[in-house]
Amino acid sequence: MKLLPQNEFEYYLTYEGNRSKLIFSPQGWDTDTIGQLARDNYYNGMLRTLSLPINFVFDGKSIIEAAFLKYSFEAEVILEVTQLNRKSFTYEEIYNSELDFSQYDNDGITVSVILMDGGVSKLIKAKESTKFEYELTGLDVVNMILPGVLFSESSQSIFNNESGPSDRFMPSIDLVINQTKSGFITVQNVEQQENISDESIFSTSDNWFVKGNKDTPLMVKISGFVKGKVGNNEYASIYIRNNSNVNIFQIARLEIQTVDFNVPFEFETDIPLDTKLFIYARTDNFPVGNQLEITEGDLNISYSAKSNPSNCKGIKAEDLYNRIIKRIAPKATAKFGLNFSNRWSNLIITSGNGIREIENAVIQSSFRDFFDTFNSIDSAGFGLDGGVLIMETLYYFFRNASICNQLDAKSCSFTVATDYAANKILGGYNDENTDDIDGQYEYNSLSEYSLPVTRIINELDWRSKYRADQYGIEKIRVDYVKKTNDTSSDNDVFMVDCYFDGTDYRPILGSSYTSVTGLPTNETGQGSYNLRITPKKNLLRHGGYIRSIMDKLGSRYVDFASAGKNKELITISPVDGRVAEKDDVLISGLDNPYFKPIIATVVLKLPRNMMQLATLMPFGYIPFIWQGITYGGFILDLGVDLAKNTERECKLLLTVDNEI
């Protein structure tokens with residue numbers, strides 16, 4: 001006759017691959033809240049967060065002691081609990097947890113450690129903010145060809161004469177607007193007037209006002225006016241001269257009858273590499289004769305130029321995600337969700353040094369920075385799903401699927417989910433160092449939006465930690481020609497929205513759009529890129545979440561408040577339609593909501609295998625009946641009394657179809 005199992009529970013410890021059944025059960029297992037599931041309020045995914053003391057004696061104590069003596073608080077031991085199924089008379093696993101040795105206590109009779117659910121969750125939380133380096137080498141590194149963009153720069157200066165009149169001199173020039181310094185030209189102040197006794201001074205003087213920085217000569221437009229005085233019976237001239245002592249343009253020829261003059265000028269000239277330009281005023285008679293004086297002037301410099309194409313190294317976003325998880329939790333299985341994988345398959349991540357083609361370039365990023373970036377451009381969630389760490393668009397984490405059969409509620413109360421409400425959104429990107437080089441044209445900068453909420457003050461910070469400013473990228477490429485120079489952006493992380501041409505990755509350009517306007521540098525926007533990840537388009541991809549937290553406010557608007565730089569951008573494409581960065585957004589026109597912003601605090605008797613059910617379907621909902629009405633709610637906080645199976649209080653976020 002076959003003997004039937006007698007014990008309700010069986011316990012196992014797994015250490016260094018050996019699974020040992022315990023004769024003596026651990027003390028503390030029968031405490032009330034032994035199984036805990038909670039939705040992480042930052043990542044919106046399910047992470048097991050239980051931290052509970054438990055004591056071992058005899059055989060369990062020996063295993064725990066051996067692990068601690070060998071590995072100290074980094075020891076890895078797993079407790080497994082199985083329960084007798086009285087129908088099949090077999091044991092089924094109901095609980096599995098890693099032990100945390102950081103609070104190890106041994107009194108000689110018992111040894112105490114902490115139950116720490118989900119070792120992977122613990123690793124993520126412990127290292128989420130640590131910036132690791134990821135070398136831009138390996139089979140997952142790709143080649144990206146940046147095409148260059150059109151720059152327009154300008155500066156304005158004023159002349160004055162601090163040293164009085166002279167026979168021949170270069171006047172001082174004070175820069176008053178936008179000191180231009182890039183890989184194309186440099187504009188500088190001339191602090192003092194310089195009197196000229198030897199004309200060879202032009203080859204060595206530091207009082208030039210513009211210098212060429214580019215190998216290929218650049219066409220520069222120079223205009224303005226000069227005012228001044230010249231002595232009676234005197235001839236005089238005012239020139240633009242270069243450092244080869246060549247007068248390249250005559251601003252004015254002052255005849256003998258001229259005393260006071262006011263002369264406008266405008267011309268264009270090529271400036272080759274290291275060529276310097278000066279303003280030079282002189283009388284014909286030197287050193288005798290009446291003197292010349294410039295009393296006032298205005299100088300405007302402008303140019304347009306396109307940066308050259310270049311190759312740089314980068315890594316696809318999905319591959320960087322896998323590297324980051326592997327670095328933090330080497331034994332974990334990670335997955336980039338299907339929607340993310342399809343939508344962002346060709347989003348390339350690189351660094352400032354990667355853009356500059358520096359050898360041994362790396363990407364420095366934490367997991368939190370990576371997540372925040374994706375939560376900025378496309379509403380994101382992250383959590384454990386069947387033991388797999390998955391990152392996916394947020395709708396995945398509010399799934400229209402039932403976790404268990406319908407349950408009867410002993411009690412229930414409803415409250416507003418105020419933690420989800422907000423009155424302001426920060427979106428887009430932190431404004432970076434593009435102020436002096438087309439910064440006013442940059443569309444991928446900070447944007448602020450106002451939500452139609454007055455009674456709750458809360459801010460949703462959806463700013464990306466990675467940069468996507470194309471002018472910042474081009475500044476790095478053209479401004480620092482010498483690869484030995486350091487820049488403040490060397491370790492900044494950048495992303496470029498690309499397509500794959502069969503060999504290389506290339507940015508998706510404005511030329512693929514029906515229309516791109518609002519770019520003063522290039523009204524057609526043909527060469528612009530990263531247009532798919534502008535602040536407004538990023539905001540629209542959060543539509544389902546905004547609709548959720550703005551329940552019953554569909555007739556109102558998300559109001560555009562301000563933009564850090566260019567708010568005039570308007571794009572039209574077959575995929576996105578017309579998107580204007582500064583337009584307000586009707587809430588009812590956004591994507592379908594994910595949930596209702598109502599929390600049900602409900603007392604339920606959950607299934608004994610609830611932990612297993614929730615592990616298999618962590619982002620589904622629990623259906624329950626209260627006062628004859630059926631409700632459904634996503635798990636926010638749920639404790640399962642595995643040993644006694646008593647009724648438990650649960651917090652659930654209501655599903656969209658609840659009428660309340």
Can you name the condition, by its number, that residue 300 falls short on among (1) free of Cβ contacts under 8 Å to residues at least 60 places away in the same chain; (2) open to solvent by 30 Å² or more (accessible area, probe 1.4 Å)? (1)
Taking region 480-503 and the residues there that are more than 28 Å from residue 577 (Cβ to Cβ) and open to solvent by less than 30 Å² (accessible area, probe 1.4 Å), the one that is modelled with the lowest pLDDT would be 487
Could you please give the count of residues in region 293-329 that are over 27 Å from residue 156 (Cα atoms) and modelled with pLDDT of 85 or more? 19
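One line per residue, one yes/no per condition, for (1) part of a loop (DSSP other than H, G, I, E, B); (2) open to solvent by 80 Å² or more (accessible area, probe 1.4 Å); (3) touching a helix residue (DSSP H, G or I) at 6+ places or on another chain (Cβ under 8 Å):
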site	(1), (2), (3)
173	no, no, no
237	no, no, no
241	no, no, yes
244	yes, yes, yes
268	no, yes, no
282	no, no, no
Among the numbered criteria (1) open to solvent by 30 Å² or more (accessible area, probe 1.4 Å); (2) within 22 Å of the chain's Cα centre (by Cα); (3) more than 15 Å from residue 515 (Cβ to Cβ), which single criterion is violated by residue 576? (3)
Report those strands (runs of 3 or more DSSP E) wholly inside region 77-139 carrying at least 3 residues which are of a type in the set (A, V, I, L, M, F, W, C) and surrounded by 14 or more Cβ atoms within 10 Å (Cβ to Cβ). 77-85, 90-106, 110-116
When the residues of region 29-54 are filtered to those that are farther than 30 Å from residue 597 by Cβ and open to solvent by less than 50 Å² (accessible area, probe 1.4 Å), which remaining residue is modelled with the highest pLDDT? 54
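Okay, residues lined up against (1) surrounded by fewer than 21 Cβ atoms within 10 Å (Cβ to Cβ); (2) at positive phi; (3) out of contact with any Gly (no Cβ under 9 Å at 6 or more places or on another chain); (4) modelled with pLDDT of 95 or more:
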site: 372; (1), (2), (3), (4): yes, no, yes, yes
site: 375; (1), (2), (3), (4): no, no, no, yes
site: 388; (1), (2), (3), (4): yes, no, yes, no
site: 400; (1), (2), (3), (4): yes, no, no, no
site: 407; (1), (2), (3), (4): yes, no, yes, no
site: 415; (1), (2), (3), (4): yes, no, yes, yes
site: 419; (1), (2), (3), (4): yes, no, yes, no
Would you be able to say whether some residue in region 555-564 is of a type outside the set (Phe, Trp, Tyr), touching a helix residue (DSSP H, G or I) at 6+ places or on another chain (Cβ under 6 Å) and surrounded by fewer than 19 Cβ atoms within 10 Å (Cβ to Cβ)? yes
All positions within region 317-368 that are hydroxyl-bearing (Ser, Thr, Tyr) and part of a loop (DSSP other than H, G, I, E, B): 345, 366
Which of the residues that make up region 579-592 are small (Gly, Ala, Ser) and within 19 Å of residue 513 (Cα to Cα)? 580
Only one of these conditions is not met by residue 228: (1) at pLDDT 90 or above; (2) of a type in the set (Gly, Ala, Ser); (3) crowded, with 19+ Cβ neighbours inside 10 Å. Which number is it? (1)
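Residue-wise test of (1) in contact (Cβ under 8 Å) with a residue 60 or more places away in the chain; (2) touching a Gly at 6+ places or on another chain (Cβ under 7 Å); (3) closer than 16 Å to residue 468 by Cβ.
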residue: 502; (1), (2), (3): no, no, no
residue: 550; (1), (2), (3): yes, no, no
residue: 559; (1), (2), (3): yes, no, no
residue: 565; (1), (2), (3): yes, yes, yes
residue: 578; (1), (2), (3): no, no, no
residue: 586; (1), (2), (3): no, no, no
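The values are calculated or read from the model by the stated rules, or taken from the named source; none is laboratory data. Predicted model only: the values in this text are computed from it and were never measured. Every residue, glycine as well, gets a Cβ built from its backbone with ideal geometry; the counts of neighbours run over all protein chains shown. SASA here: full protein model, heavy atoms, side chains in, ligands and nucleic acids out. Shrake-Rupley method; radii C 1.70, N 1.55, O 1.52, S 1.80 Å.
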